[in-house]
Structures are given as structure tokens and as C-alpha cells.
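Enquirer: One structure follows; several queries about it will come next.
Quick note: the coordinates plus some simple rules give every number you see, no bench work behind them. Predicted model only: the values in this text are computed from it and were never measured. Positions of Cβ are backbone-derived with ideal geometry, glycine not excepted, and every protein chain shown enters the neighbour counts.
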Amino acid sequence: MSAARKRPAGLSGRAVAYAIALAALATVPYWMPGEYYINVSSQILFYAVFALGLNVLVGYAGLVSLGHAGLLGIAAYATGYMLESGYGHPLAIVAALVIGVASMALYAVLSLRATGIGFIMITLALGEIIWGLCYRWISITNGDNGINLHGRPHPFGFAINTATSFYYTTLVVFLLAMAAVTVFVRSPLGAALMGTRDQPRRMNALGYHVWAIRFWACMFSGLLTAVSGVMFVYYTQFISPQAVDLTASAEVLLMVISGGAGTLLGPVVGAALVVVVKSVVSGFIERWNMLLGAIFVAIVILMPEGLVPGTVRLWRLAWRRLNAQRGAKAEAKP
Amino acid sequence: MTFWLLLTVNSITFGGLLFLLAAGFSLIFGLMRIPNLTHGSLFMLGAYFGATFVGGMLGLYFNFWVAALIAAVMVALFGAVIERFLLRQLPGQPLAQVLVTLGIAFMIADFCLMVWGGDPINVATPSGLTGFIRLGPLVFPYYRLAVIAIAVAVALGLWLLLDRTRLGAMIRAGVDDPDMARVVGIRVSQLFTIVFSLGAGLAAFAGIIGAPILSVYPGLDFQMLPLALVVVILGGSGSLLGSFIGSLIIGVIYNFGQALLPELSYFVLFLPMLLVLIFRPQGLFGRFVP
């Protein structure tokens with residue numbers, strides 16, 4: 001009500017910006033110069049879903065997970081294994097989501113024994129153990145050779161084997177994920193989660209079950225991660241331990257932190273940044289890890305709050321300066 | 001029987017190596033309250049440096065032990081630089097410090113790949129320790145026994161350092177209560193640099209001592225790091241005894257796992273961690289919950 005009263009006339013600038021962004025996203029296959037770029041856009045979108053999932057923990061729960069690629073890998077491997085065993089696409093996807101979320105439950109029960117730095121250590125160890133499992137459990141995962149997929153599903157008779165159709169499928173999934181995160185953050189559970197991030201003891205004293213709130217946040221994060229795992233494996237048509245290693249976990253953490261943890265748009269911007277830099281750079285040099293590490297150090301030291309909040313802050317600062325100057329001139333005139 | 005005994009000796013050898021790695025990790029964690037995610041990278045860097053010195057550089061061939069010492073000192077200096085010029089920039093922000101160590105770990109990994117390539121480098125067992133000792137039907141390589149002896153010697157040395165010297169008392173005070181230590185006039189931030197470079201040097205030393213057994217290859221860093229993490233979660237942070245016992249347990253589980261359940265060898269490490277997290281979150285000998 002009060003928001004409506006504040007802005008009675010026309011659309012707010014924010015709504016216009018969202019409409020433009022949505023229109024741009026919906027027409028990507030028409031204005032992108034080639035199939036390669038449409039594929040890069042699809043990658044950005046499913047990595048954005050992954051980053052949104054991690055951001056639920058990093059940004060809103062204050063729990064930094066360094067093993068999330070392991071969870072993505074479990075969903076991706078589950079899809080690959082089910083398809084290889086001869087099951088159909090719908091069953092494979094459902095099984096992947098169930099297995100992914102169930103693994104997240106175990107992962108959460110173990111890592112929520114600690115918070116802060118302890119949480120990082122445990123999740124890192126768990127992520128590496130999942131990697132070890134993918135690498136060594138050859139009878140299931142085919143070891144270093146990985147699992148190849150053959151074909152993508154045909155939901156409702158709509159074949160998604162071209163770059164454009166895959167892009168639209170990813171876009172729908174991305175928009176659903178974005179809506180889910182928005183609803184989650186604005187829900188009472190989301191508010192309680194941010195409370196446990198900032199004042200866990202006070203929340204506990206107020207009668208909230210801090211552990212349970214964190215656990216459900218983990219489960220939501222796990223669901224988004226599993227969804228992105230399925231999208232990932234259908235995109236690459238291949239899954240190997242490389243997708244599960246610490247580099248992959250660090251990459252998605254970089255997406256969240258570089259864009260801005262605890263903001264809705266931050267992880268999306270971060271995903272776009274990392275995917276674009278990675279695909280552009282890999283065309284020229286092989287030293288992606290060096291650059292990844294350097295960006296990490298630079299962002300943490302120079303812009304710890306991330307690009308989205310950082311830019312907003314700079315913009316507001318500039319705007320205020322400009323207004324102040326105008327005001328000063330207006331006063332000086334008479 | 002022979003199989004089991006040999007496996008046990010190998011496990012204890014690996015446990016000794018893990019102790020050299022994890023002792024520094026645990027000390028850094030105890031004092032600075034951050035897991036140093038470059039620790040595996042420092043181990044690998046030490047191994048590569050050592051291998052280069054042993055294998056000959058600019059026509060100079062170093063003795064294995066001299067090479068190990070030089071590599072350890074070089075990496076210790078590098079550790080001091082990381083602490084002074086990067087971690088020091090982020091005081092009181094443990095999360096940012098951890099992320100910086102992660103970033104550096106990636107840079108070191110890529111640097112090693114660039115300089116030494118992707119092929120594993122084998123390091124010859126130092127001369128004088130190449131033989132075997134025979135006890136009835138059993139055959140033990142001298143070198144593995146030497147690694148155990150070195151680990152025990154380093155453990156004793158560290159214990160003396162921490163328990164009997166002024167510096168050690170200052171470090172213990174910093175681990176137990178950094179604020180109070182500052183109040184009584186201990187320059188805790190100086191201790192940070194000393195402990196960080198000591199830990200880095202020990203990790204590098206472990207890397208080169210382990211090289212004749214493990215060889216040196218890309219990916220060694222992130223293979224060793226989780227082991228150090230699991231040791232510290234198991235043994236408890238900031239505790240020397242915890243690192244020692246934890247390393248032995250993990251050494252045994254890892255080696256037996258690899259021999260008996262090769263497909264699940266990494267997974268069985270999970271078991272002791274699970275039990276400790278459920279029943280004793282501060283670790284077996286830990287003083288605080290991280």
C-alpha cells in the first residue's frame with residue numbers, strides 16, 4: 001500500500017529495467033551473432049541457477065560452502081547413470097533431483113555441526129570426498145573417463161537438441177529459479193534465515209530453531225543445485241570428475257562473491273562475468289586457474305561486497321555529489 | 001601376515017608425512033583461526049623445488065637433504081610474504097583471509113603446471129637409504145623407516161619448541177586467548193608471521209621428504225589439502241598431540257582403504273570425520289570448536 005502511495009504515477013524505473021532485461025533475454029537467439037554465443041548464454045543461465053542456489057547459503061545464511069560442485073556433480077552423475085542404465089529421461093531427472101536433495105540433507109547434517117570457518121572446512125572436505133568418490137568408484141562413475149549422454153529429452157514433444165531450444169528451456173528454468181529465490185527471500189523463512197545469519201543467539205532466544213532454519217535453507221540450496229546439475233549434464237552431454245573438483249566449487253563461489261552475496265541479482269551478474277571471462281580467456285591462453293585465483297584475491301581485497309552492491313554504492317555516491325553540486329549552484333545564484 | 005605388516009608400516013610412514021603437513025596447518029589454524037587453504041600447494045611447491053634441486057639446476061646437483069632444507073626455507077619465506085602482504089591486509093576478516101588463501105592456491109597450482117609441466121616427476125631415494133631391512137620374512141625399505149624417524153624427531157622438536165621455550169609459551173598464549181595475550185604485551189601479529197612461515201616450511205619439507213614415495217605431479221596439492229583438513233577436524237585444531245594422533249589414524253585408514261576398498265578409498269576417510277563431528281565437534285584433543 002505504502003509503496004503504491006509513494007509512486008502513484010507510471011512505472012518505477014526498476015520495473016522498466018526488469019522489463020527491458022526480460023525482453024533482451026527472451027530475444028537472445030535473434031540478436032546474438034551465432035550459435036556459439038547462444039550456447040554461452042545458456043551456460044550463463046544454468047550457472048546462474050547454480051550461483052543462486054549457493055547464494056541462499058553464502059548470502060542469506062552466512063554459510064560459505066566450498067563443496068557445492070560436489071552436489072552439482074551428484075545430480076549430474078545420477079542423471080548420467082540412470083540414462084546409461086536404460087531408464088527414460090523423466091525418471092532420470094526425477095531421480096537426479098531426489099538423489100541430489102537427499103545428498104544435500106546428509107551434507108547439511110554434517111556441515112551444520114559448525115558455522116563460520118568450521119563450516120568452510122567441513123564442506124571443503126566433503127566436496128573433496130565426493131570428488132574422490134567420482135574419481136575412484138569406477139564401476140558407477142567410470143572414473144576419469146566420465147559418463148557420456150546420448151540425446152536430450154523431448155518434454156511435451158518439444159525437442160531441445162538445438163542451441164536455441166536449449167536456450168529457451170534454460171531460460172524458463174532460470175526464471176522459475178529466480179522467482180523461487182525471490183519468494184523465498186521475502187518469505188518469513190527467508191527473514192528468519194537472515195536473522196540467524198546476523199544474530200543467531202538472539203534468534204535462538206526469541207524461540208526460533210536456528211539449526212532447522214539453516215537446514216531448510218540448505219535443502220532449498222540443494223534443490224537449486226540439483227536442478228542446475230541436470231541442466232549442466234544435458235548441456236555438456238558429459239560428466240567427469242573435473243566438474244566436481246575444488247576449482248569448480250571455487251568458480252561458483254567466485255560468481256556469488258564477485259556479483260554480490262546476499263543480493264538477488266549479484267549471483268546472476270557474477271555467473272555472466274565468470275562464464276564470459278572463462279570462455280573468452282580460454283580462447284587465448286590456457287592459464288584460467290591463474291586468472292581465477294588472481295580475480296579472487298583482487299575482488300576480496302578491493303571490492304569485498306561484490307560488483308552489484310559496489311556499483312550501486314558508487315552510483316549513489318556520484319548521484320549525491322551531483323545533487324549536492326546542483327544545490328550549491330542553485331544557492332549561490334541568488 | 002606379511003601383507004598386513006607391510007601395510008601397517010606404509011600407513012605409519014604416510015601418517016608421519018601427514019603429521020609434518022598437518023602440524024603446521026593446525027598451528028596456523030589454532031593461532032590465526034583460519035584454515036590455510038594454500039597448505040597443500042605449499043606441500044607441492046616444496047616437492048617441486050626439492051625435485052628441481054636434486055635433479056640438478058644450472059649444472060649444480062644438490063644432496064637430497066640440502067635440497068630439502070633449501071626448499072623448506074624458500075617456501076617458509078614465501079609463506080611469510082603471503083602473511084605479511086596479503087593476509088595482513090584483512091585483519092579481523094577471517095572469511096576474506098580464507099578466500100585469499102584459496103585464490104593463491106589456484107595461482108600456485110597453475111604456476112607449477114606452467115613451470116614443471118603435467119608429467120609426474122620421480123625423485124630418487126637419497127643415497128644411503130635405498131636398501132631394505134630384512135626381519136625374517138619381512139622386508140622394510142630403509143627410507144620409509146627414515147621418514148617415520150624424521151616425523152617423530154620433528155614432533156619432538158615442535159613439542160620442545162612449544163612447551164619449553166619463550167616463543168612457544170607466547171604461541172600457546174596466542175592460541176588460547178589472543179586478546180589477553182596482546183594485553184600482556186605479546187605481539188600476536190608478529191607471531192602470526194612466524195607461525196605461518198614455520199607451517200609453510202614444514203609443509204614444504206613434508207613435500208620433498210614425501211616425493212620419493214609419492215612422486216610429484218599436478219593435483220598433489222588438492223589431494224593433500226583435504227587430508228590435512230580431515231586430520232585437523234579429527235585431532236582438534238591447535239593441538240600438536242591431536243595432529244599426531246589424527247595423522248596416524250588417517251594414515252592407517254587411507255592406506256588400508258586403498259588396499260582393501262580401492263574404489264572407496266577416499267570415501268572411508270569420511271567415517272572418522274563423521275564420528276568426531278557427531279560426538280566430539282572440537283576434535284579429539286581440540287581446545288575449541290572452530
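Enquirer: Taking R0 as 56 Å, what's the FRET efficiency between residue A:21 and residue B:274 from their Cβ-Cβ distance, rounded to 0.05?
Expert: Efficiency at R0 = 56 Å is approximately 0.80.
Enquirer: In peptide A:131-139, how many Cβ atoms from other protein chains are near each Cβ within 10 Å, on average?
Expert: Across the residues of A:131-139, the mean count of other-chain Cβ atoms within 10 Å is 5.
Enquirer: Counting alpha carbon pairs within less than 8 Å and at least 6 residues apart, what relative contact order, in whole percent, applies to chain B?
Expert: Relative contact order, chain B: 36 percent.
Enquirer: Quick one: check the C-alpha center-to-center distance for the range A:76-136 versus the range B:3-29, whole angstrom.
Expert: Using only Cα atoms to place each centre, the spacing works out to 29 Å.
Enquirer: Once you place label points 7 Å from the Cα toward the Cβ at residue A:211 and residue A:102, how far apart are they in nm?
Expert: Each label point lies 7 Å from its Cα, and together they span 2.3 nm.
Enquirer: Once label points are set 7 Å from the Cα along Cα→Cβ at both residue A:198 and residue A:302, what is their separation, rounded to one decimal in nm?
Expert: Taking the two extended label points, one gets 3.0 nm.
Enquirer: For the range B:47-122, which chymotrypsin sites (Phe, Trp or Tyr not before Pro) pass both filters: DSSP loop (anything but H, G, I, E, B) and at most 12 other C-beta atoms within 10 Å?
Expert: Within the range B:47-122, the qualifying chymotrypsin sites (Phe, Trp or Tyr not before Pro) (loop, at most 12 other Cβ atoms within 10 Å) are B:61.
Enquirer: Between residue B:119 and residue A:282, what is the FRET efficiency for a Förster distance of 25 Å, r being their Cβ-Cβ separation, to the nearest 0.05?
Expert: In this case the efficiency is close to 0.65.
Enquirer: Give the long-range amide H neighbours of residue A:238: residues separated by 5 or more places, or on another chain, with amide H under 5 Å away, using H modelled in the peptide plane at 1.01 Å from N.
Expert: Residues meeting the criterion, in which the H sits 1.01 Å from N, are A:149.
Enquirer: What are the extents of the Cα atoms of chain A along their three principal axes, listed from largest to smallest and rounded to whole Å?
Expert: In descending order, the Cα extents are 84, 55, 43 Å.
Enquirer: Which value at 222 nm does the protein assembly as shown reach when only helices count, each DSSP H run of 4 or more adding -39,500 (n - 2.57), with the total divided by all residues and rounded to the nearest 500 deg cm²/dmol?
Expert: Helices in the protein assembly as shown give a 222 nm mean residue ellipticity of -24500 deg cm²/dmol.
Enquirer: Evaluate peptide B:92-104: per residue, the Cβ atoms of other protein chains within 10 Å of its Cβ; return the mean as an integer.
Expert: For peptide B:92-104, the averaged partner shielding equals 6.
Enquirer: Based only on other Cβ atoms within 10 Å, what is the fewest-to-most ordering of B:224, B:74?
Expert: B:74, B:224
Enquirer: Right, next: For residue A:37 and residue A:238 in one chain, what is 0.36 nm times their gap in residues minus the Cα-Cα distance, to one decimal in nm?
Expert: Fully extending the segment from residue A:37 to residue A:238 adds 70.4 nm.
Enquirer: Here's a follow-up. Need one word for the range A:201-321: rounded, prolate or oblate. Basis is the Cα gyration tensor (sqrt eigenvalues a ≥ b ≥ c); a/c below 1.5 gives rounded, then a/b vs b/c decides.
Expert: In terms of gyration-tensor shape, oblate.
Enquirer: Based on alpha-carbon centroids, what's the gap between the range B:169-227 and the range A:267-334 in Å, whole number please?
Expert: 35 Å
Enquirer: Under a point spin-label approximation (7 Å from Cα along Cα-to-Cβ), what is the residue A:87-residue B:61 distance to one decimal in nm?
Expert: Placing both labels 7 Å beyond Cα along the Cβ direction yields 6.0 nm.
Enquirer: While we're on this one: If I stretch the segment between residue B:182 and residue B:135 completely, what's the gain in nm (0.36 nm per residue apart, minus their alpha carbon distance), one decimal?
Expert: 11.5 nm
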